[in-house]
Protein chains: 4
Amino acid sequence: MALPDPTLIALLHGPDQPGLVARVAGWVFERGGNILHADQHRDMEAGVFFQRVEWLSQSYGYTPDEVAAEFARFAASLGMHARVVSSAHRTRMAVFVSKADHCFHDLILRWKAGDLSANIVAVVSNHTDLAATTAAYGLPFHHVPLTPATKATAEARQLEILRAAGVEFVVLARYMQVLSADFLHAFAGPVINIHHSFLPAFAGGRPYHQAHARGVKLIGATAHYATADLDEGPIIHQGVERVTHRQDVDDLVRLGRDLERVVLAQAVRWHLAGRVLAYGNKTVVFD
Amino acid sequence: MALPDPTLIALLHGPDQPGLVARVAGWVFERGGNILHADQHRDMEAGVFFQRVEWLSQSYGYTPDEVAAEFARFAASLGMHARVVSSAHRTRMAVFVSKADHCFHDLILRWKAGDLSANIVAVVSNHTDLAATTAAYGLPFHHVPLTPATKATAEARQLEILRAAGVEFVVLARYMQVLSADFLHAFAGPVINIHHSFLPAFAGGRPYHQAHARGVKLIGATAHYATADLDEGPIIHQGVERVTHRQDVDDLVRLGRDLERVVLAQAVRWHLAGRVLAYGNKTVVFD
Amino acid sequence: MALPDPTLIALLHGPDQPGLVARVAGWVFERGGNILHADQHRDMEAGVFFQRVEWLSQSYGYTPDEVAAEFARFAASLGMHARVVSSAHRTRMAVFVSKADHCFHDLILRWKAGDLSANIVAVVSNHTDLAATTAAYGLPFHHVPLTPATKATAEARQLEILRAAGVEFVVLARYMQVLSADFLHAFAGPVINIHHSFLPAFAGGRPYHQAHARGVKLIGATAHYATADLDEGPIIHQGVERVTHRQDVDDLVRLGRDLERVVLAQAVRWHLAGRVLAYGNKTVVFD
Amino acid sequence: MALPDPTLIALLHGPDQPGLVARVAGWVFERGGNILHADQHRDMEAGVFFQRVEWLSQSYGYTPDEVAAEFARFAASLGMHARVVSSAHRTRMAVFVSKADHCFHDLILRWKAGDLSANIVAVVSNHTDLAATTAAYGLPFHHVPLTPATKATAEARQLEILRAAGVEFVVLARYMQVLSADFLHAFAGPVINIHHSFLPAFAGGRPYHQAHARGVKLIGATAHYATADLDEGPIIHQGVERVTHRQDVDDLVRLGRDLERVVLAQAVRWHLAGRVLAYGNKTVVFD
C-alpha cells in the first residue's frame, strides 16, 4: 500500500456506453500515466457505469489540480461525472461527538497511527465531556451546546467552525443530534454517521433497546452518509455480532461499541481513500 | 454427543425464586438420576427463571412417561411450567414446501445423515414440483393445492394429513404460503419457518428485492416459530452474509440459499434437541 | 449475472510494465468489444501484473476460439501469459468421492440448480457407497478401487476415464486418497481439493482430531488446487466456524461438513467463472 | 448484568461422578445462597467434570474469604479442585508492552469505561515509547530494558515490580519478549498473551509475513495463557478476518491490529469474570 509516488484517483459515473473502459485507460496512457487500479461496475438495471481509476501521475508536466480539471472535462465529454483527487491530498476532517467516547478515541488513535489519510482539524461537541481528552490529543475542541430551541443558531455556529477550519469532511462519531437538511445543504461536503443497528432494522432512537425487545440473535452497526432523511442515507458498511438471550441491553450496548468502532473506521478509511461512490440511496464501494 | 443411554430433558420456566437450581438438582438426585447438563437463565427485568436440565435416567424403575409426569407435578409445585422429553423420542416431523428445493434437500440429507433426531413422516406442498424427488427419497408426498378462495379447505386438508401421520412438529422449508391463525391454533404444535431476511428488516414479500433496493451490505436469514402475526414470531436463529454493489437480486437469491439452509437446519436441530424455549416473542436457546 | 450474450474472459499475468491496462483495453476496443469487467492486481514485491478482463464479443466476425488465439498472441507480445475462455463454454468436470456424501450432494444439487457453469460428466470413487445415488442423479459412476499396492494401476484407470469423458477439471469432494504427482502431471488440468482444516494448521490426516486435541476455538476448511506437495497447493478459499469446549470430535466433524460444502462450492464456482489465477503457491481471486 | 449485590463465583473441576451438580447446588442452598448461574461441562473422554457456579451470598454471616475457604474444603471432599472469587474483588493487573500501542490503548480505554473488573496497577515495558502515554493515563510506568544477556536480571526486576504492586494477573499486550519458564514459575499467577496468528498456524515470529507467504485467505489472532512452551499455551479465544491477494504484509499488520485488540480484550474480560478454566493445554470458557 505504501506507494513511493502520489497517485491520482478518479471516481466517475454516468450512462453506460461501449468503450468507456478503453477510452479512460487510453486517456491516461496518452498522458504518460500508468494505471495501477481500474475497477468498474455496471448497474445493469439502471444502465449506469461506475469506475474508480488510480494512476501514477509523476511523469506529468502538470499539477494534480490541472490534471484533475482536464480529466473532469474529458469525463464530461463522455457524459460522465468525475471527481479526481490526489493520494497526496490530506482531507481536512472534523469529528462531531457527544458523550460516548469509544468511536472518538478509536478514530483519533487510528489517525495517530497513520491509518487515515486525513488531517483532523476540529472536534465539535454539544457537551464538554471530551474537552480535556481532545486537548490531551493536541486537537482543537469546540463546544457548541444545542437545544431544540437553539438548534438553528447552534448549527450556524458549527458551520462557522467548519468553514474557519477549512473542513471538507465530517464524521459523526456517535454525535447524538440530527443534522438538519439546511446544515447538510450549507456544508455541502460528505458527512458519515454511525448508526448503532443493522439498518433498516431499528432505525430511530435506542436501537439496542429495540433489538433486545424484539429478541434478535444478531446486533449490528451501520455507517452511512448522512442525508436529510434520518437513517436513510446511502449505506457504506455494516457489521454484525452474534448475541444470545443472556445479553441484556447493557451488554448489547457494550458489545455494540466494538462493532461501531470497526464499522465506522472502515467506512471513513474507504471514503478517504476515494473508494466510495454514492448514487441515489446506495453506494458503490471499490474495496 | 453419542450418549450410550437415553436421557431425560426438562425445559421449565416460571417466576424466579431462591433455591430453584438446588431444588431441581435435588429432585433428580433423590431419584437416582445424574445431571449431565443444567443450564439456566434469569430474565432479571421480567423476574422469570428458565432452565434446561438433562439427566441420565436409566436407573429409574419408572418409564420415561411416568418420570415426565412426576417432574411436571414437581415443577408445578414450584409454580413452574415444565416440558419433559426423552432423548430416545424421535419427533414426528412434517416438511412443507412449495417450489424452491434447497432447504428441502438440505433437511432431508441431514436427516438421512442422522443429524436430526426426528422421523420425517410427511412432505406437504401446494405444488407438485417436488413430488418425484420426495418419492425418490422414499417419503410420502401430499399435494394440497391452495388459492386464496380455497385456503380454508386446503388448511383443513393439511390438518387432516398431519393428524393422520401423527405429526408433532412442522417445518416450513420455503413454503410460500402464510398459515392462518386458525391452522396454527388447530395444529397446536410448534411450527418453524425460515424467512429470507434479517428480521425485522425486510419483513413481508420479496425481501431480497427490498434488500437490493435499500443497498444493504449484508443479507440475512431468520428462523422463527410461526405465529399468527406474520414474521413476528419468536426468533430462534439468524445468519448474515456480506454482499456488495456487484450482486444483483439474482445473486442475493443464490447467496441467500446457503444462508437459509444453514440457519433453518440449525434452528430445527436445536428445537429437536429440546434446546429452545419460547416465551412472549423471544426465545431462550440453550446451545 | 444473467447476461444475454456470451462474453470472453481473459486471465493474464506477467512482468509489470506501464500501460498494460490501457493496451489491453485498447486491443478489445479496436476489435469492437465492450469491456464489462477489468480487474487487475499488481504484486509490488514480485513485480507481477495480473488481470482479468471480461468483454462482450458478440460483434466480432470471429469465433471465440479465433479471438482467444489472437488475444493469446497479443498477450505474448506484451510478455504475458493469457488464458481466454468464453462464458458460453461449459467446462467438463469430474467429481471424485469416497464415502462421505455431503460435498457430493451439495455440488450436484448446485449444478442441477444452474449455479455451476459446467457439465458434470463423471463421478469417480474408490468405494461403491455412492453408486446408487449417482445413478439416481442420472450421472455415470466409475468405481476404481485402490490400495497402496494398486495405486499406479488405479490412477491409470482414472486417467483413462477422464480422457474418455473429455474431462477438463476435477473436483475432489472429500476423496480420501492422495493423487500422485504422476497423475497430476498426466491429467494436466486443474484439480480442486477440500481440506477439512484451516490450512496450514492441521495439515495431513484427521484434522478434526488434531483441532480437538489442540483446543482451538475455531475450526476451518480450505479449498485449494491440488499439487504434488500434499496440502501445500495454492489456497482459493477458506472458511471458519466458531466452536467451544462443548463440541467433541464428532461435533466438529458434523459442523465441519457445512463449512466444507460452502467453501468447496465457492471455490469451484469461482474457478468455473474464470476468476482464479494461480501463481506459485498462491492465488489471485477476482471476485 | 449490573447486579446490586456481590456474588461468589466458584470454578471447580475433578473426576466426574454422579450427583455432583446436585451436591454443589445443595451446599449453596443449605447456606442460604441463591444460585444465579451454574454451568458445567463433562469431558466424556477424560472423565473430568468442570463447573462454574455463581451465587448470591449476601445473606451469609461469613466473609467471602471464609465462604471461599469452606467451599474449597467441601470441593476437596468431593475430590475436586476449586477456586472461589467474589465478584466484588478487583484483580490487580499489570500490562506488559513493547512499542506497539493498539492493544495497550484498547485495554486501558475499556478499563476506564468500566468494562474490566480489575485495577491496572502497573505498566511494564522494555522500551520507553509508551512512557508518556501511560503517564497521561495516570498509571505507573516501569521501564525494564532487556537484552538476551540481561534477561535473567530484567525478569528479576519485573518480578520485583509485580510483587511490590501486588499484581495477581499479567496481560502481554503485544509484549515482544518471551517470558522464561522461571519467570512464569516465580510469578505463579495467570498470564494472558495475544499471538498475531490463528494458532497453531504461524507460531513463532513474524506471523503476518508467514501468512502472506503462504497465501491464506483469512488472518487470525489468538489469546492464550502463557506457558513455558512458546505459543503452545491453552487457547482462550480466537478471531479471524478475511483477506485477499490485494493485501500486502503492511495491510495484514494493520487489519490484524483490530483482531488482536478485540480478541485479547475478550479473553481478558472472560478471565476477570471467572469464566475461564484451564486444564492441560485447553480451556473451558463458560461464556
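Before moving on, here are some points about what is shown:
- Residue-level check: of (1) more than 9 Å from chain B (Cβ to nearest Cβ); (2) modelled with pLDDT of 95 or more, A:VAL240 misses just (1).
- The range B:1-80 holds strands (runs of 3 or more DSSP E) entirely within its bounds, and those carrying 2 or more residues that are free of Cβ contacts under 8 Å to residues at least 60 places away in the same chain map to B:34-43, B:48-56.
- Of all residues in the range A:188-214 being at pLDDT 95 or above and among the hydrophobic types (A, V, I, L, M, F, W, C), the one that is farthest from A:GLU232 (Cα to Cα): A:ALA188
- When D:TYR62 is tested against (1) open to solvent by 60 Å² or more (accessible area, probe 1.4 Å); (2) within 28 Å of A:THR244 (Cβ to Cβ), exactly one condition is not met: (2).
- Of all the numbered requirements in (1) in contact with an Asp or Glu (Cβ under 7 Å, 6 or more places away or on another chain); (2) outside any helix (DSSP H, G or I); (3) crowded, with 17+ Cβ neighbours inside 10 Å, C:LYS99 misses one, and that requirement is (3).
- Those residues of the range D:106-129 which are open to solvent by less than 10 Å² (accessible area, probe 1.4 Å) and either over 18 Å from D:HIS89 (Cβ atoms) or touching a Pro at 6+ places or on another chain (Cβ under 7 Å) (or both), in sequence order: D:ASP106, D:LEU107, D:ILE108, D:ALA122, D:VAL123, D:VAL124, D:SER125
- Breaking point among (1) over 29 Å from C:TYR137 (Cβ atoms); (2) modelled with pLDDT under 95, for B:ALA113: (1)
- Pairing residues of the range D:169-195 that are on the phi > 0 side of the Ramachandran plot with residues that are assigned to a helix (DSSP H, G or I), at Cβ distances under 6 Å and at least 6 apart in sequence or on separate chains, gives D:ARG174/D:CYS103.
- Residue match in the range A:265-277 (condition: in a strand (DSSP E or B) and either at positive phi or not basic (Lys, Arg) (or both)): yes
- Which numbered condition C:ALA38 misses (of (1) surrounded by fewer than 19 Cβ atoms within 10 Å (Cβ to Cβ); (2) of a type in the set (Gly, Ala, Ser); (3) more than 30 Å from C:LEU179 (Cβ to Cβ)): (1)
- Filter pass, A:ALA201 being within 14 Å of chain B (Cβ to nearest Cβ), at negative phi and of a type in the set (A, V, I, L, M): yes
- Note on the range D:65-75: residues that are open to solvent by less than 70 Å² (accessible area, probe 1.4 Å) and not aromatic (Phe, Trp, Tyr) total 6.
- Close Cβ contacts (under 7 Å, 6 or more residues apart or on different chains) running from residues in the range C:265-280 that are touching a residue at least 12 places away in the same chain (Cβ under 8 Å) and away from chain D (no Cβ under 11 Å) to residues that are open to solvent by less than 30 Å² (accessible area, probe 1.4 Å) and of a type in the set (Phe, Trp, Tyr) comprise C:ARG275/C:PHE286.
- B:HIS185 vs. criteria at pLDDT 95 or above and within 14 Å of chain A (Cβ to nearest Cβ): no
- Any chance D:ASP43 is of a type in the set (D, E, K, R) and under 27 Å from A:LEU259 (Cα atoms): no
- For C:LYS217, the conditions (1) at pLDDT 95 or above; (2) at positive phi; (3) within 14 Å of another protein chain (Cβ to nearest Cβ) all hold with the exception of (2).
The values are calculated or read from the model by the stated rules, or taken from the named source; none is laboratory data. A quick note: this is a predicted structure, and the numbers were derived from the prediction, not measured. Backbone-built Cβ (ideal geometry, glycine too); neighbour counts: all protein chains shown. Ligands, DNA and RNA are excluded from the accessible area calculation, which covers all protein heavy atoms including side chains. Shrake-Rupley method; radii C 1.70, N 1.55, O 1.52, S 1.80 Å.
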